[in-house]
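Notes follow once the structure below has been shown.
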Amino acid sequence: MSTVVITGTQWGDEGKGKIVDYLAQQADTVVRFQGGSNAGHTVAVNGEEYKLRLLPSGILYQGTRCVVGNGVVVDPQVMLEEMDAMEARGIDVSGIRLSNRAHVVLPYHRIMDGLGDEARGKNKIGTTKRGIGPCYMDKANRIGIRVCDLMDKEEFAKRLKENLAIKNTELEKLYQHEPLDYDAVLKEYEGYAERLRPYVCDTIALLNDEVKAGRKILFEGAQATMLDIDYGTYPYVTASHPISGGVGVGAGVAPNKIDKVVGVVKAYCTRVGEGPFPTEQLNAIGDKLRDAGHEFGTVTGRPRRTGWLDACVVRYAGLLSGIDYMAITRLDILDGFDEIQMCVGYKYKGELLNEIPASLKVLAEVEPVYEKFEGWKTDISGIRSYDQLPANARKYLERMAEVTGIGLGIVSVGPNRDQTIVIAKDIF
Ligand code: GDP
Ligand code: IMO
Ligand code: MG
């Protein structure tokens, strides 16, 4: 297979970076197609940790092309900082390509993200404050500034002036924030433009040529199904489409050119930010999951909310993204548990529900139906084949496949590249 989409099935932080890095060993190209620097993808190689926000998780392989597609909202400052940090660690960044159609995050997006979310008071989303929502708002409002505009000195100066006139009024009148200085922003972004210019191209043409040539391409989703603006727990979602369908709009590669979809599933469940989370454990179990898994956000450092695996959510993700295989991560975090639970259905007012409810009021009130599993109480981080996993671990995984209707593709037992068990041999 030559085109594979990696998508998050829960509320993010499933370990997409680890799985993409693992599969990228065989890839020619790795592509980000949505989101922006709200993502925090951690890759661990030879005891070294790399935290990626905008750069695709294929960057650690010499010669791999890393594309930031048109559907991404790009903060040039973050992108350049990441590139500099990579170079300082001896990593070649010459394979990066940035779409000329990607939208640019500007300082007012970041400021308004923070102030806007605070202004919601108790209804706040708990965004990452990276300007993601406001940048996508401008895109939908047809006043966004794209990379091709940033590359055109005159056009950028003109568009920035027009936008700042609107944004400064909003900053002052709505948020009592001091206005941004046109000359300072212009100068700052002109500097970014010159540094980014060598990497900018028409990535739609590039990717479609690669598809035609049969090259191996990985599409790296950020965030996850339950944070999708249409399918997630709206309004507690991000502003883009993390499902596999996001590739069509965010990379310009048509749906019939996608060969396989892999859904990344954390063996339990976490969420950062506000919003419903049916299997959340606000108790000693939740604390144990957080401690065992060191569950603190990569981008914001916030403690992640923790709970049992919700197989209803994974089944829903499977349906929406056409997931062929699950890549189950962090199974090792459950090593110390005597008992593990899995949510296999929701009950609402005593009735079993067949769908994930659209209404957040209903979702907040559903009662998860749990199945209990005996823990394996063994360190599995050194195991490298499926047969060698403890019987109780296999039982848990096989039940997960049964309830979600999705096959087992990969099982990850640690953050490092080699701590990976591949079950499906036809992923890539
Ligand atoms: P992403 O946003 O989906 O890429 O996930 P994050 O990087 O935010 O969070 C996943 C964390 O789990 C990272 O620190 C990874 O290094 C780590 N990780 C990934 N797979 C495994 C695994 O199988 N076991 C353990 N213990 N850690 C893992
Ligand atoms: P990765 O790719 C987990 C959450 C935020 C907030 C909501 C909206 O590392 O899995 P935003 O800044 O996007 O407007 O915030 O979405 N969120 C994530 N949660 N992992 C992520 O990315 C996330 N990106 C955004 O916490 O609840
Ligand atoms: Mg993350």
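Count the lysine pairs in the range 312-391 whose Cα atoms sit under 25 Å apart, keeping only pairs 8 or more residues apart in sequence or on different chains.
4
Starting from the exponent 0.38 and prefactor 2.2 Å, build the expected Rg for the range 203-266 from its residue count and divide its actual Cα Rg by it.
The value comes to 1.22.
Among the aspartates and glutamates, select those whose C-alpha is under 18 Å from the C-alpha of K187, and discard any that sit fewer than 8 residues away in the same chain.
Leaving aside aspartates and glutamates fewer than 8 places away in the same chain, those within reach of K187 are D75, E81, D149, D152, E154, E155, E162.
Among all the lysines, which ones have a C-alpha under 27 Å from K216's C-alpha, if same-chain residues fewer than 8 places away are not counted?
Correct list for K216: K16, K18, K51, K257, K260, K266, K425.
Could you tally the net charge around Q281, taking each other residue with its Cβ under 13 Å from the Cβ of Q281, Lys/Arg +1 and Asp/Glu -1?
Surrounding charge for Q281 is -1.
With r defined as the distance between the Cβ atoms of E402 and E172 and R0 fixed at 56 Å, what FRET efficiency is calculated, to the nearest 0.05?
After rounding to 0.05, the efficiency reads 0.45.
Going by a ≥ b ≥ c, the root eigenvalues of the Cα gyration tensor, does the range 1-107 fall in the rounded group (a/c under 1.5), the prolate group (a/b larger than b/c) or the oblate group?
Because its axes are fairly even, with a/c under 1.5, the range 1-107 counts as rounded.
Just to be sure I understand the model, the point goes 7 Å from the Cα along the line to the Cβ. What's the resulting F296 to R215 distance in nm?
With each label placed 7 Å out from Cα toward Cβ, I get 3.9 nm.
Taking 0.36 nm per residue of separation and subtracting the Cα-Cα distance, what length does fully extending Q62 through Q77 add?
Taking Q62 through Q77 to full extension adds about 3.0 nm, to one decimal.
Evaluate E = 1/(1 + (r/R0)^6) for R195 and Y234, where r is the Cβ-Cβ distance and R0 equals 56 Å; express this FRET efficiency to the nearest 0.05.
0.90
Taking the Cα-to-Cβ direction at E355 and at R120 and moving 7 Å from each Cα, how far apart do the two end points lie in nm?
Here the modelled spin labels are 2.4 nm apart.
Quick one: the Cα spread of the chain along its three principal axes, in angstroms, biggest first?
Ordered largest first, the chain gives principal extents of 65, 49, 38 Å.
Rule-based calculations on the coordinates, nothing more; no lab input. All figures in this text were calculated on a predicted structure; none of them were measured in a lab. Every residue, glycine as well, gets a Cβ built from its backbone with ideal geometry; the counts of neighbours run over all protein chains shown.
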